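Contents: one structure, followed by commentary.
The values are calculated or read from the model by the stated rules, or taken from the named source; none is laboratory data. Quantities reported herein were computed from a predicted structural model and do not represent experimental measurements. Note that each Cβ is placed from the backbone with ideal geometry, even for glycine, and that neighbours are counted across all protein chains shown.
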Amino acid sequence: MKKSLFTIALVSAVVAVSSVTGCRKAPTNTSSSGLATIVCDESFENIMDQEIDVFEYNTKGKANIIPYYVSEKACVDSLLDLKTKTIVITRELTEKETEYLKGLKKNVRSIPIAVDAIALIVNPANPIGQLSMSEIADILTGRTTKWNELEPSPLGDIQVVFDNEGSSTVQYMRDSLMKGDKFAENVFAQNSNREVFNQVKARKNALGIIGVSWISADMRTRDLPREERIKSLSQQDTTVADFDVDIKVLRVRRDDSLRAYQPYQGYIYDGSYPLYRTVYMISTGVNGSLSHGFYSFVTGTIGQKIIQRTGILPARVQPRMVNMY
């Protein structure tokens, strides 16, 4: 049902694009005007919402980008089915997928726009401070089910919460740590990353697995007026990137390392934090189209600075300071 609703909505948007273009004599779809869609991995919803907001503001309302936040598979399917010209996912297209689009006379552009980290979060009342990669695997597979199996704790059973069963976050953890094992019965899918955050905030025994952009303290700037947020992008950034105080972000260490790290940008940048993945923006939009204009914006200086403010590592901007305490 969810997939069907997404398909209907996307087709409606495509029809709307065609209608708007056809009803006006002057060209409406340029690099800074018109209507376009983007289909994005739902893990990056809050990032892409900010990118779209600033881009549309800069075009003085002449451009309208319609986003859809779905699973990674649905993103790729929508591009291959020509339902959208731009997607954001955590992998590059396969050679077969690329050749298929080229066979349809599509010019495929693919570029890394960020490096995302997978954060492990707990309630501030939880005494645990760090986990090793093998300890994480043991929790996910059910070999470890109680907090006091890791260190002294009164919290009882571990309740693991993800965003949803088909997400790229789930797939990443399965590929990186599970070694073919199934998730334990105490691993629960939520409806969204926001719900993962809320569950951990409310439940002392919860362990949340979530993209780091959802826990950055900078995400609070979303509540500021749009003009203030955009003005801040032109200012020199010397602040320390930090995390939301409503949750605790665990340090993670490799099994062969004595030191554990939190997912600050500097530690993502040098590879010290082990749970990270590259984010790609892929477009078949032609030069001069709105899809290509938005692609250029996200990969440009302002678009990359927006990504930097969310706590994940932009592909083309140096990492911010880390909070060393």
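In region 144-171, the residues that are closer than 12 Å to residue 127 by Cα form Cβ pairs under 8 Å with partners that are surrounded by fewer than 18 Cβ atoms within 10 Å (Cβ to Cβ) and hydroxyl-bearing (Ser, Thr, Tyr), at six or more places apart or across chains, as follows: 147/153. Among all positions in region 76-96, there is no residue which is modelled with pLDDT under 90 and among the small types (Gly, Ala, Ser).
The residues of region 258-305 that are of a type in the set (D, E, K, R) and within 21 Å of residue 215 (Cβ to Cβ), listed by number, are 270, 277, 305.
Residue 244: modelled with pLDDT under 90 and charged (D, E, K, R), yes or no?
yes
Kindly provide the set of residues from region 290-325 that are at pLDDT 90 or above, in contact with a Gly (Cβ under 6 Å, 6 or more places away or on another chain) and not hydroxyl-bearing (Ser, Thr, Tyr), ordered by number. Hits for region 290-325 are 290, 292, 297. Just give me the residues in region 161-172 being crowded, with 21+ Cβ neighbours inside 10 Å and over 14 Å from the mean Cα position of the chain (by Cα), in sequence order. Residue satisfying the conditions is 161 alone.
If you go through region 175-190 one residue at a time, do you hit one that is under 21 Å from the mean Cα position of the chain (by Cα), in the same structural domain as residue 257 (by TED's automatic domain parsing), assigned to a loop (DSSP other than H, G, I, E, B) and at negative phi? Yes: region 175-190 contains one or more residues that are under 21 Å from the mean Cα position of the chain (by Cα), in the same structural domain as residue 257 (by TED's automatic domain parsing), assigned to a loop (DSSP other than H, G, I, E, B) and at negative phi. Selection of region 160-175 for residues being closer than 14 Å to residue 91 by Cα and out of contact with any Asp or Glu (no Cβ under 8 Å at 6 or more places or on another chain) yields 172, 175.
Scanning for something in a strand (DSSP E or B) and within 30 Å of residue 30 (Cβ to Cβ), does region 142-159 turn up at least one residue? There is no residue in region 142-159 that is in a strand (DSSP E or B) and within 30 Å of residue 30 (Cβ to Cβ).
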